[in-house]
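Here is the structure we will look at.
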Amino acid sequence: MRRFLCATLLSLMPGLAFAGPLDLSHEIRDKGIQATQSRLAALNAPTGEEAFALAGLRFLGAVEQALQLRWQVGLEADWSELPILRLPIPPNPEAREIRGQDITTLIAGITTGMDEARAALDQVGNRDFGLEIDLADLWFDINANGQREPGEAIADVAVEALGLWGMAPEPGQIVIRFDGSDAAWLTAYTHLISGTATVFQAYDPGPATDRILQSTRDMHALWGDTPPPNAWDMMFGNQVDRVTIILQALAQEPDAALAAKAHGHFLAMIEENRRFWTLVAAETDNDREWVPNEKQLSALGLQLPPGTAAQWQAVLADAEKLLKGEILMPHWRYGAEAGISLKKLFDAPPKVDLIGMIQGEALLPYAEKGLVMSGQAWSDFERLMQGDAVLFAVFFN
């Protein structure tokens, strides 16, 4: 179980594929993500291996830049609502004050990185390849000093995010050989991240960040020299500010064009994920796989139970029907014959009134009678995965 949890966390950092046998892996170990990416990007006619390596490095480079920006402003790992903002980073004793534009820039950098990764994947095309990577070689230059330091290994960052101490691989312990099917897997993952980031862009949190942080400074200025009568601000102040920023960002008028773009990314994710499962099912080798088919063993020690691929496809089918409005999301106030059209929500995104949505009134413009999703596909997947359904879902995307 611990080995699989480690594998799942590592799956949050997709695209870890580089030239073989281990030359590129060691280049990253010695020079870092950005330097290796720059060299590959300058190639006139990259091989399939080199193009896929570039895609993986661009994905990781986008994550690295986000972590570097967080380090500059001292944004600690307590934003559990946002994946990259929850990853632990070393403290910066000289961090500058955060601004709303920093959050906007961070999200924009992620979307740009995903676009660039897909551009490299387009160069891979249908070519097959075999790339080996030692996971112990990969690291984020979080403080941007050009040197690998404690706490900067990708495995360390991911493992600490869920408290799985001591699971970072030793050199040579986990070497993965990525192949052609993994290009479809990585493409799907870039669309998942792009879709999520684009939703955040549609509800730009920058202005709310500036407003709430300024209000906190103004409140603290009222304290004077008298110590507070309790420790509530110290214990809960940052969390309350964070939740308020998110709720106020969601309460503003969203960008409908960005919402439509996010919708397209989620549909593309499903299409590419299906392509991946078709390609991986046709594989007959068993050579240090990333996501294996049911007859293979992952280099991470993961073996899928029989029926996994078919059951995951059923989950994807439900997700696609939801996105297209062919089935509806259930709501506790709307009975068994009506639900919420997710497609309508993307087509005309609302200001988010959380209380109104829970009560039901705020979602009435998006409600209609029709077939409501039963959730049976996900329930069957949960039973098959024996309690690890969410972790497998993150791994599969």
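Of everything in the stretch 102-124 that is in contact with a helix residue (DSSP H, G or I) (Cβ under 6 Å, 6 or more places away or on another chain) and open to solvent by 50 Å² or more (accessible area, probe 1.4 Å), the residue that is modelled with the highest pLDDT is 116. A search for C-beta distances below 7 Å between a residue of the stretch 223-248 that is open to solvent by less than 70 Å² (accessible area, probe 1.4 Å) and any residue that is at pLDDT below 90 and assigned to a loop (DSSP other than H, G, I, E, B), counting only pairs 6+ apart in sequence or on different chains, returns 242/79; 246/81. Would you confirm, using the coordinates I've provided, whether residue 270 is open to solvent by less than 40 Å² (accessible area, probe 1.4 Å), more than 17 Å from residue 394 (Cα to Cα) and either touching a helix residue (DSSP H, G or I) at 6+ places or on another chain (Cβ under 6 Å) or among the charged types (D, E, K, R) (or both)? No.
Examine the stretch 102-110 for a residue that is in a helix (DSSP H, G or I), in contact with a strand residue (DSSP E or B) (Cβ under 8 Å, 6 or more places away or on another chain), acidic (Asp, Glu) and in contact (Cβ under 8 Å) with a residue 24 or more places away in the chain, and state whether such a residue exists.
no
The criterion of being within 22 Å of residue 260 (Cα to Cα) and in a loop (DSSP other than H, G, I, E, B) does not hold for residue 295. Has the stretch 206-217 got at least one residue that is closer than 23 Å to residue 62 by Cα and either open to solvent by less than 50 Å² (accessible area, probe 1.4 Å) or part of a loop (DSSP other than H, G, I, E, B) (or both)? Among the residues of the stretch 206-217, at least one is closer than 23 Å to residue 62 by Cα and either open to solvent by less than 50 Å² (accessible area, probe 1.4 Å) or part of a loop (DSSP other than H, G, I, E, B) (or both), which makes the answer yes. Looking across the stretch 300-321, the residues that are open to solvent by 20 Å² or more (accessible area, probe 1.4 Å), among the aliphatic types (A, V, I, L, M) and either in contact (Cβ under 8 Å) with a residue 40 or more places away in the chain or closer than 14 Å to residue 369 by Cα (or both) come down to 314, 315, 317, 319. Can you find a residue that is under 30 Å from residue 51 (Cβ atoms) and of a type in the set (Asp, Glu) anywhere in the stretch 219-232? Within the stretch 219-232, none of the residues are under 30 Å from residue 51 (Cβ atoms) and of a type in the set (Asp, Glu). Highlighted here are the helices (runs of 4 or more DSSP H) found entirely within the stretch 329-390 that include at least 3 residues which are surrounded by 17 or more Cβ atoms within 10 Å (Cβ to Cβ): 342-347, 376-385. Within the stretch 125-149, the set of residues being part of a loop (DSSP other than H, G, I, E, B) and surrounded by fewer than 20 Cβ atoms within 10 Å (Cβ to Cβ) comprises 125, 126, 127, 128, 143, 144, 145, 146, 147, 148, 149. Scanning the stretch 62-81 for residues that are in a loop (DSSP other than H, G, I, E, B), out of contact with any Phe, Trp or Tyr (no Cβ under 9 Å at 6 or more places or on another chain) and among the aromatic types (Phe, Trp, Tyr) turns up at least one hit. Inspect the stretch 224-237 for any residue being of a type in the set (Val, Ile, Thr), at pLDDT 95 or above and out of contact with any His (no Cβ under 6 Å at 6 or more places or on another chain) and give the result as yes or no. Checked against the condition, which is being of a type in the set (Val, Ile, Thr), at pLDDT 95 or above and out of contact with any His (no Cβ under 6 Å at 6 or more places or on another chain), the stretch 224-237 yields no hits at all.
Rundown of residues vs (1) open to solvent by 10 Å² or more (accessible area, probe 1.4 Å); (2) on the phi > 0 side of the Ramachandran plot; (3) modelled with pLDDT of 90 or more; (4) touching a Lys or Arg at 6+ places or on another chain (Cβ under 6 Å), yes/no style:
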{"residue": "151", "(1), (2), (3), (4)": "yes, yes, no, no"}
{"residue": "157", "(1), (2), (3), (4)": "no, no, no, no"}
{"residue": "162", "(1), (2), (3), (4)": "yes, no, no, no"}
{"residue": "171", "(1), (2), (3), (4)": "yes, no, no, no"}
{"residue": "185", "(1), (2), (3), (4)": "no, no, yes, no"}
{"residue": "201", "(1), (2), (3), (4)": "yes, no, yes, no"}
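The values are calculated or read from the model by the stated rules, or taken from the named source; none is laboratory data. Keep in mind that what you see is a predicted model, and the values were worked out from it rather than measured. No Cβ is skipped: glycine too gets one built from the backbone with ideal geometry, and neighbour counts run over all protein chains shown. Only protein heavy atoms, including side chains, enter the accessible area calculation; ligands, DNA and RNA are left aside. Shrake-Rupley method; radii C 1.70, N 1.55, O 1.52, S 1.80 Å.
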